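Presented below is the structure to which this report refers.
The numbers here are math on the coordinates, done by the rules we state, and not lab data. Quick caveat, the model's predicted, so the values are computed rather than measured. Here the Cβ is made from the backbone with ideal geometry for all residues, glycine too, and neighbour counts use every protein chain on show.
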Amino acid sequence: MSVKIGEHIDLGEFPLLLAPMEDVSDPPFRYVCKQNGVDMMYTEFISSEGLIRDAAKSRQKLDIFEYERPIGIQIFGSDIEHMRQSAEICTQANPNLIDINYGCPVKNVACRGAGASLLQDIDKMVAMTKAVVDATHLPVTVKTRLGWDDSTKNVYEVAERLQDIGIKALAIHGRTRAQMYKGQADWSMIRDVKQNPRIKIPIFGNGDVDSVEKAAAWRQEYQVDGIMIGRASIGYPWIFREIKHFFQTGERLEGPTIAERVDVCRTHLTKSIEWKGDKTGIFEMRRHYANYFKGIPNFKEYRMKLVELQDVNHIIEVLEDIRHNFAEEVA
Ligand SMILES: Cc1cc2nc3c(=O)[nH]c(=O)nc-3n(C[C@H](O)[C@H](O)[C@H](O)COP(=O)(O)O)c2cc1C
């Protein structure tokens with residue numbers, strides 16, 4: 001059965017979503033994920049304060065492209081009126097939906113009353129969400145965690161109350177705020193939310209899916225409507241096509257060859273420069289090389305060059321050396 005968000009976003013059967021990730025899920029990275037079959041994507045989270053101040057960094061994150069659809073813009077903040085205003089600004093950018101972040105655990109977000117901190121004040125979370133829902137004609141979705149800490153796992157209540165005021169889908173990361181990214185994600189409460197007969201909106205599971213096997217097993221075990229993948233896609237956008245292929249055929253795809261790794265890394269670099277300009281594009285691409293070539297023996301010397309070179313032609317020469325020198329390797 002097809003999964004729908006609101007009336008107009010049809011994600012097909014059991015969609016795979018790219019998780020919003022600050023400094024990662026920008027247009028260049030989204031391009032390579034889209035090429036590899038992801039069903040829906042989100043921007044990095046965008047500060048509502050930044051949007052209202054018209055901060056260039058926040059505004060730039062509103063850039064979305066037609067080929068990316070369906071795509072959601074994710075916002076966060078602590079002030080209800082500012083969240084309302086930023087929902088209006090986001091609506092003008094014309095995404096397919098607006099997503100609210102109630103999951104971010106990092107101090108300068110959660111300790112300033114935004115992100116996961118709203119899990120400590122469900123009434124405020126509900127009021128904030130309602131303000132956003134009322135400010136836009138677009139579907140509004142939410143991404144959150146199981147709760148603030150072990151003794152306050154309230155996502156079951158959160159799901160009911162947010163559905164009641166009109167959100168159209170909920171993505172749940174199977175950790176509490178206190179866990180940050182430690183330990184293992186626990187999807188059993190995600191299943192409880194999904195099995196709540198009151199819940200009609202799609203429930204997406206998130207946290208630690210990093211292989212075809214896990215995606216298949218957890219789909220079965222936790223009965224979610226789709227899976228959201230973050231870290232495992234960094235340097236490995238093929239994870240989407242591999243999981244999709246397995247679901248469609250029951251067969252495993254081979255992993256990417258070195259040539260494919262080089263091709264996708266080059267595309268990512270090109271898109272990065274196109275969107276960010278030479279200097280920033282080259283600089284921000286540096287964090288990705290090691291991920292694209294994980295498992296290659298003695299990659300260090302190539303990596304050193306890749307993260308030092310300033311000229312795109314020289315970087316491409318190194319990437320082509322990798323293609324040539326590791327043609328026989330299975331990474
Ligand atoms: C580098 C990084 C940046 C992140 N930025 C965001 C963000 O902007 N918004 C958000 O909702 N979650 C953010 N997250 C959390 C992820 O969306 C996701 O919930 C988490 O990584 C667990 O999923 P995974 O195990 O598939 O990575 C971020 C995670 C990482 C690793």
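Determine the equivalent ellipsoid of the range 258-325 by diagonalising the alpha-carbon gyration tensor, then write out the semi-axes as square roots of 5 times the eigenvalues, largest first, rounded to whole Å.
18, 12, 10
Sort 100-112, 267-279 by packing, meaning the average of other beta carbons within 10 Å per residue, with the highest value first.
100-112, 267-279
If the only charges are +1 at each Lys and Arg Cβ and -1 at each Asp and Glu Cβ, what is the size of the charge dipole of the range 2-249 around the Cα centre, to the nearest 20 debye?
For this selection, approximately 200 debye.
For residue 214, list the lysines whose Cα falls under 18 Å from its own Cα; do not include residues on the same chain fewer than 8 positions away.
Here the lysines satisfying the reach criterion relative to residue 214 are 244.
Output the antiparallel fraction of DSSP beta bridges having both residues in the range 2-249, as a percent to the nearest 5.
In the range 2-249, approximately 10 percent of DSSP beta bridges are antiparallel ones.
Can you tell me the dipole magnitude for the range 162-286 around its Cα centre, using point charges on the Cβ only (Lys, Arg +1; Asp, Glu -1), in Debye to the nearest 20?
That gives a dipole near 360 debye.
Quick check: residue separation of residue 327 and residue 279 times 0.36 nm, minus the Cα distance between them. What number comes out in nm?
14.3 nm
Over the range 238-280, one equal point on each Cα, no solvent: what is log10 I(q)/I(0) by the Debye formula at q = 0.17, 0.29 Å⁻¹?
At q = 0.17, 0.29 Å⁻¹ the computed log10 ratios are -0.60, -0.92.
Quick one: angle between helix 258-276 and the longest Cα principal axis of the chain, in degrees between 0 and 90, rounded to 10, please.
60 degrees
Exceeding 27 Å between C-alpha atoms, which entries from my cross-link table qualify? They are 143/300; 107/271; 168/271; 107/182.
Result: 143/300; 107/271; 168/271 exceed 27 Å.
Of the listed peptides 118-124, 154-160, what is their order by residue-averaged count of other C-beta atoms within 10 Å, with the highest listed first?
Highest mean packing first, the order is 154-160, 118-124.
Among 220, 195, 74, whose mean-square fluctuation peaks in a Gaussian network model of the chain (Cα, cutoff 10 Å)?
220
Once all Cα-Cα distances of the chain are split into 10 Å bins that start at 0, what whole-number percent is in each one?
The percentages, shortest bin first, are 6, 26, 33, 24, 10, 2.
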